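The values are calculated or read from the model by the stated rules, or taken from the named source; none is laboratory data. Everything numeric in this text was worked out from a predicted model, so none of it was measured. Cβ: placed from backbone, ideal geometry, glycine included. Neighbour counts: every protein chain shown.
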Amino acid sequence: MITLSQRLKRRNENDNTPVPRAPIRDRLLVKEAQEMSQLLPASCSVHYPNENDLSKFTLIVQPTEGYWEGGTFRFDINVTEEYNMVPPIVKCSTKLWHPNISESGDVCLSLLRRHSVDSMGWSPIRRLNDVVWGLHALFTDLLNFEDPLNVEAADQFRHSKEEFKLKVMEYVTSYAKE
Amino acid sequence: MFTKVAMADENDNERMDGDNQKLEKMFTLKKWNAVAMWSWDVECDTCAICRVQVMDACLRCQAESKKDSYGKQDCVVVWGECNHSFHYCCMSLWVKQNNRCPLCQQEWSIQRMGK
Ligand SMILES: [Zn+2]
Ligand SMILES: [Zn+2]
Ligand SMILES: [Zn+2]
């Protein structure tokens, strides 16, 4: 958290940095990245592969309770140039057994839907903070699995919580241990 | 599809900044100029899309006017039938992909435009 704000400060001081290609996104990101790091859920951390680029980062979720407890799950988040008219692109790079995340890493979260028919989709009033908390909630709340991405996992969850739990743990042990 | 229903906490966080700012502004205004109170709501409304006050130029126009020296761009405010206001620049970009007010989700139709 401290390093991020220090970095933001440094960025502002260096006025000889090249003109950004996406000035709106970058201006929003300076504020939103700071807000996100300040309001991060306890089980989450954020890592920037290139510290001069706030538009690409990895969110790491380490649930301390629930089905996925003990796992380390990585989400690669790409805030494209059209932000905040479009949501960030999110890919889960850790293989896991989850009704809303496919085994290839696609994430089904209403917030991240660009064209939404209801009020739950993306809207420019959303912030990175909402995205982080939305992803975090995939591991804490199990509210509804209509239209799941992993149909088999959703069916299993409906029919046998025990089997579901075993399969989740099997995946955690094989793919999600640090 | 995973739909988060219990969003109250997050939304509180989300608006925390804006509300604090508003409270601060309302307080100082009241202190030094009670006459200006009637127009406070309009004057201090923040565009929820670019998070700049609607009475100032939007983030996009600000970024552009920094580059060219042709002076300030005419960045106007638009009010919807729902009474929510945004920069016209910001809203016209958004309605291209979703013709609803981002704040109340009502179908967007312009009530008036101006400064
Ligand atoms: Zn705006
Ligand atoms: Zn503008
Ligand atoms: Zn509205």
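Whether a residue is within 11 Å of chain A (Cβ to nearest Cβ), crowded, with 17+ Cβ neighbours inside 10 Å, within 16 Å of ligand 2 (Cβ to nearest atom) and modelled with pLDDT of 60 or more was assessed, and B:CYS50 passes this test. The condition of being surrounded by 22 or more Cβ atoms within 10 Å (Cβ to Cβ) and at pLDDT below 95 holds for only one of A:PRO99, A:PRO148, that being A:PRO99.
Every residue in segment A:81-92 that is more than 14 Å from chain B (Cβ to nearest Cβ) and in contact (Cβ under 8 Å) with a residue 24 or more places away in the chain, please. Residue satisfying the conditions is A:PRO88 alone.
Remark: A:PHE139 falls outside the filter, which requires a residue to be surrounded by 21 or more Cβ atoms within 10 Å (Cβ to Cβ), touching a residue at least 40 places away in the same chain (Cβ under 8 Å), touching a helix residue (DSSP H, G or I) at 6+ places or on another chain (Cβ under 7 Å) and not aliphatic (A, V, I, L, M). Of everything listed in (1) at pLDDT 95 or above; (2) more than 29 Å from B:LYS96 (Cβ to Cβ); (3) away from chain B (no Cβ under 14 Å), the single unmet condition for A:LEU4 is (1). Note on segment B:65-83: residues that are away from ligand 2 (no atom under 14 Å from the Cβ) and either at pLDDT 75 or above or under 17 Å from B:THR46 (Cα atoms) (or both) total 5.
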